[in-house]
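These notes concern the structure reproduced below.
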Amino acid sequence: MAEGGTGRPPVEAVNFPIWQPCNMRCGFCFARFKDVREEVLPAGHLTASEALRVVGLLADAGFRKITFAGGEPFLCPWLGDLLRAAHHAGMTTAVVTNGSLVRVTDTLAAVLDWLVVSIDSLSPQVLTALGRTTAGRPLSEDTYRSLCEDVHRAGIRLKINTVVTRANRHEDLAAFVVATEPRRWKILQMLPIAGQNGGPGNALSVTDDEFRQFVRRHSWVARYGIDVVPENNDAMTGSYAMLDPAGRFFDNVRGSYTYSASILRCGVPAALRQITLDRSKYLARGGQYDWSAPLPVLARGATD
Ligand code: SF4
């Protein structure tokens, strides 16, 4: 659904999961894209040149911020090329990662505005129960902390994503979040999606009330200048511009994914007309914010 008359997309931010494979197996994952792999993209990803064309089409269409995701995007050998292309096209760049493969280098910092680290728990038992492990081992609290410090040191904006599930709903992450100073902390209610994580029958899902309790318990974190952004299932539905690894927009408004044709075949406006995307919900969930604002001196200096 393109914005009436202007030809521009209805929202300014877009998510592009570039790489279906992942080195973790989170039980709540709503980005498995096994369906995409089985039906249209056996490799689980486009070629580097196709992915670069996708980035170019998104920039030309008027998207101002692009978030590369997966699977695990740091498995993709051409992630750096995609970041460079988006950066040179004037887009704000972000990468969502499980944190297991990131090396924060000057080369990365030159083209990356935001690193979004998924941190659901600091308990090895909970992380293991969630499947948030590589070769059976979860990342340690020290590893997460040191990654956050590297991100600050490199002058990259830090965001933390936490998915609230049955396994971590009683955990208290506030002290860790305050200490690691993300610019934004997104707290997401586990979203059941048929065809991805089993839908509403998934035993890790939490009720609205359990989610609210988690958010309430952590709300004081905002006093430290951290933008705390809770998103329940309703806020996450129909409010994101999302591509799949094949370059197709998709929406989640029916409890499973509905895909457009690939933007490589029909272009961005025609593909957007084939899915549901609600700008008012995008605005209501805080999707539009000052994502290129300079880093506060405190966050930069904290780990120098
Ligand atoms: S790390 Fe992310 S993409 Fe990989 S399984 Fe977990 S939630 Fe899914």
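The values are calculated or read from the model by the stated rules, or taken from the named source; none is laboratory data. In this text the structure is predicted, and so the values were computed from the model without any measurement. When we count neighbours, we look across all protein chains shown, and the Cβ atoms used for this are built from the backbone with ideal geometry, even at glycine. Note: accessible area is taken over every heavy atom of the protein model, side chains too, but ligands, DNA and RNA are not part of it. Shrake-Rupley method; radii C 1.70, N 1.55, O 1.52, S 1.80 Å.
Looking at Val206, Val215 in this structure, which one is assigned to a loop (DSSP other than H, G, I, E, B), at pLDDT 95 or above and open to solvent by 10 Å² or more (accessible area, probe 1.4 Å)?
None of the other options fit; the residue is Val206.
What do you reckon, is Leu52 surrounded by fewer than 20 Cβ atoms within 10 Å (Cβ to Cβ) and away from the ligand (no atom under 16 Å from the Cβ)? Before you say what the answer is, go through the steps one by one.
Working: surrounded by fewer than 20 Cβ atoms within 10 Å (Cβ to Cβ): yes; away from the ligand (no atom under 16 Å from the Cβ): yes.
Against the criterion (surrounded by fewer than 20 Cβ atoms within 10 Å (Cβ to Cβ) and away from the ligand (no atom under 16 Å from the Cβ)), Leu52 qualifies.
Taking the range 149-170 as the search range and keeping residues that are away from the ligand (no atom under 16 Å from the Cβ) and touching a residue at least 60 places away in the same chain (Cβ under 8 Å), which one is farthest from Pro294 (Cα to Cα)?
Glu149
Tally the residues that are out of contact with any strand residue (DSSP E or B) (no Cβ under 7 Å at 6 or more places or on another chain) and within 21 Å of Phe68 (Cβ to Cβ), restricting the search to the range 238-262.
2
Residues that are open to solvent by less than 30 Å² (accessible area, probe 1.4 Å) and touching a helix residue (DSSP H, G or I) at 6+ places or on another chain (Cβ under 6 Å), at least 1 per element: which helices (runs of 4 or more DSSP H) completely within the range 253-297 meet that?
In the range 253-297, 263-266, 268-272 are the helices (runs of 4 or more DSSP H) which contain 1 or more residues that are open to solvent by less than 30 Å² (accessible area, probe 1.4 Å) and touching a helix residue (DSSP H, G or I) at 6+ places or on another chain (Cβ under 6 Å).
Looking at Arg273, is it within 30 Å of Pro42 (Cβ to Cβ) and in contact (Cβ under 8 Å) with a residue 24 or more places away in the chain?
Yes: the conditions hold for Arg273.
Condition check: over 24 Å from Leu158 (Cβ atoms), more than 16 Å from the ligand (Cβ to nearest atom), in contact (Cβ under 8 Å) with a residue 40 or more places away in the chain and touching a Lys or Arg at 6+ places or on another chain (Cβ under 9 Å). Does Val40 satisfy that?
yes
Can you give me the ranges of the strands (runs of 3 or more DSSP E) entirely in the range 69-173 with at least 2 residues that are charged (D, E, K, R)?
Details: elements: 92-97, 114-118, 157-164.
Once the strands (runs of 3 or more DSSP E) in the range 69-173 are filtered for at least 2 residues that are charged (D, E, K, R), what remains is 157-164.
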